[in-house]
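To keep things clear, I will list the structure first and then write my remarks on it.
The values are calculated or read from the model by the stated rules, or taken from the named source; none is laboratory data. Note that this is a predicted model, so its numbers are computed, not measured. All Cβ positions, glycine included, derive from the backbone under ideal geometry; neighbour counts span all protein chains shown.
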Amino acid sequence: MSQTKVKSGLLNFPDQTDFVKLPSGNTAQRPSSPEEGYSRYNTTDNKLEFWNGTIWQQLPGVVPPIITSISYPGDDLAADPAGGQTITINGSDFKAGATVTVDGTTPSVITLVSATEITFTAPSKTAGDYDVVVTNEDSGNATAVDGMTYNGLPSWTTPAGNLGTFEENTTIPTITLVAAEPDSGAISYSITTGGLPTGLSLAGDDIDGTTPAVAGETTYNFTVTATDNENQSTERAFNIVVYKFVPSFNTVLYTGNGGTQSFNTGFQPDFIWFKARNFDWFHISYDSVRGSNKGLVPSGTSAEFITTDGLASFNENGFTISGGGWITNRPGYNYVAWCWRAGGAAVTNTDGTITSQVSANPRAGFSIVSFNTPSTNQIFSIGHGLENTPKFILTKERDGTLGWIAYHENAGFTNYLVLNTTQSATGGAINVWGTTPPNSTVFEMNTGTTINVSKQAIAYCFAEVAGFSKFGSYSGNGSTQSINVGFAPAFVMFKRTDSTGEWTMIDNKRNNGDNWLYANLSNAEGVNINRTTLNSTGFALDGSPSSCNESGSTYIYMAFANQF
């Protein structure tokens, strides 16, 4: 910078309107290496200032404050746009009565902590960078250009609460946590309170692993903190439930003895379906909601009836039969009993437009639903208690002689099947299943179509449970094929839906699926059919009979896993 010496007395302004123009510029334009005594006009502060050898000092002798840094709560690097946080200004020469503005807005609370520290409550601002100005009462001021940054806190997309309910000793599907921030910065996740079940871990945004063994149903509560690249964070509380494995399906084979005998199923069954194997006799089923002595005939249309010889009781680990009747215990004859576990004693369910009594086992996707139909023709809804959408439903009037009406997701919501006949999937405009498909709480029916008014009725509802049950469909190819259900099945029932066909029942206790019984017929068991085999992932079909694999035909199935 060039210098010009002015002789003493040379500056003489007889005209009072004359002036001397000093160098001017904003704060950022101050000379980088001034000498003591240099003077200039600061257009940022609109004041004369001079370099006193250490700092720029405003005239007349005002020492302006200095802002050295601005800090946010904790380790945050930005403020929340909502405002309300305590912000700290660090510096020097702060004086009593000093004011603060952020982009021209005066905070609601300003506290002079010391000559080197001021705190204030951040006003609300949109995301961005803003000037912060500190002004002492003597008008000395300092500006931190773009000194304060506002950035939105991470916002969670993943809902708080339960992230999943899983069986013990199982590998869970990946749970991906999702949160974001306004400037699309990177988000990191950490568990800050509580903990995951042993065997699960959080890596990046994913929770993976294998659940531990538990003594009973256990809820693990924990908090995950999502942190952005400005170190701003938002917490969210979650939980994962791990439940103990309890078998829920088993097949029992036995020979009748004409007296009383008990069988161990490994759990307390709530629904048992019996069939004689080596002679023609109708199927019979019992459930714990209706009572152990009240039978229904899946292969027929009969109303519920009292049995004096048949199922005697549902036991803690199985069931007892008594008497020498043909239906369950004729001496020397062979029988099969398919057993499902529901939820024990029924409870009142008011999820539907009518009240139902429900015994539900959501963990196994099975419930028994007892209800009374309305007194007038109408579409009505019934609560099923499964917490998930049923994919297969069987319904029957208890005090009427209409048949067993079946819903299968893959047969179509507007269609229905009849368990006790070979009828194909049929529907049209009669709205057997109402106007809304089944959901996680209710299913609909329509009196005046396949169920009558003012009737007692029962429904068996099945939802799909990974690794335990599967409800699907396949197309026949007229040759050989394997149907993958994702596990080794213990029981499969399948039926053709595009034309007439039997309801074929196979299981792993009767020749590994090669012996057939039909749900709609009283026929004795067909042995060594050489058409179906159960395997580790599903069931295999061999040949082209119309009952299971005719080329181009459509079939539905239901499968339950081997749990023993």
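So here's what we get for this one:
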{"read-out": "Residue check, residue 511 free of Cβ contacts under 8 Å to residues at least 40 places away in the same chain, not hydrophobic (A, V, I, L, M, F, W, C) and not assigned by TED's automatic domain parsing to the domain that holds residue 440", "value": "yes"}
{"read-out": "Criterion: surrounded by fewer than 19 Cβ atoms within 10 Å (Cβ to Cβ) and under 29 Å from residue 455 (Cα atoms) - qualifying residue of 320, 348", "value": "348"}
{"read-out": "Test: residue 377 is at negative phi, surrounded by fewer than 19 Cβ atoms within 10 Å (Cβ to Cβ), under 32 Å from the mean Cα position of the chain (by Cα) and not in a strand (DSSP E or B)", "value": "no"}
{"read-out": "From the options 106, 158, 119, residue that is closer than 30 Å to residue 241 by Cβ and either within 47 Å of the chain's Cα centre (by Cα) or not assigned by TED's automatic domain parsing to the domain that holds residue 206 (or both)", "value": "158"}
{"read-out": "Qualifying residue in the stretch 385-408 (condition: surrounded by 23 or more Cβ atoms within 10 Å (Cβ to Cβ) and without any contact (Cβ under 8 Å) to a residue 24 or more places away in the chain)", "value": "yes"}
{"read-out": "Positions within the stretch 41-74 being charged (D, E, K, R) and either more than 14 Å from residue 31 (Cα to Cα) or part of a loop (DSSP other than H, G, I, E, B) (or both), in sequence order", "value": "45, 47"}
{"read-out": "Lone qualifier among 237, 226 - being modelled with pLDDT of 95 or more and out of contact with any Gly (no Cβ under 8 Å at 6 or more places or on another chain)", "value": "226"}
{"read-out": "Subset tally (residues that are in a strand (DSSP E or B), more than 16 Å from residue 206 (Cα to Cα) and not aromatic (Phe, Trp, Tyr)) for the stretch 219-234", "value": "4"}
{"read-out": "Wholly enclosed strands (runs of 3 or more DSSP E) of the stretch 517-564 bearing at least 2 residues small (Gly, Ala, Ser) and either in the same structural domain as residue 489 (by TED's automatic domain parsing) or buried (at least 17 other Cβ atoms within 10 Å of the Cβ) (or both)", "value": "538-542, 554-561"}
{"read-out": "Count of the stretch 243-282 residues which are under 30 Å from residue 167 (Cα atoms) and of a type in the set (S, T, N, Q)", "value": "7"}
{"read-out": "Subset tally (residues that are among the polar types (S, T, N, Q) and exposed (fewer than 15 other Cβ atoms within 10 Å of the Cβ)) for the stretch 463-479", "value": "3"}
{"read-out": "Qualifying residue in the stretch 92-105 (condition: in a strand (DSSP E or B) and loosely packed, with under 14 Cβ neighbours inside 10 Å)", "value": "no"}
{"read-out": "Given (1) surrounded by 20 or more Cβ atoms within 10 Å (Cβ to Cβ); (2) of a type in the set (Val, Ile, Thr); (3) in contact (Cβ under 8 Å) with a residue 40 or more places away in the chain, index of the condition residue 432 fails", "value": "(3)"}
{"read-out": "Matching strands (runs of 3 or more DSSP E) fully within the stretch 286-360 where at least 3 residues are touching a residue at least 60 places away in the same chain (Cβ under 8 Å) and outside the structural domain of residue 384 (by TED's automatic domain parsing)", "value": "318-322, 334-340"}
{"read-out": "Residue match in the stretch 229-237 (condition: of a type in the set (A, V, I, L, M, F, W, C) and touching a Phe, Trp or Tyr at 6+ places or on another chain (Cβ under 6 Å))", "value": "no"}
{"read-out": "Total residues in the stretch 51-84, condition without any contact (Cβ under 8 Å) to a residue 60 or more places away in the chain and surrounded by 16 or more Cβ atoms within 10 Å (Cβ to Cβ)", "value": "5"}
{"read-out": "Residue 518 vs. criteria more than 23 Å from residue 276 (Cα to Cα), at pLDDT 95 or above and not aliphatic (A, V, I, L, M)", "value": "no"}
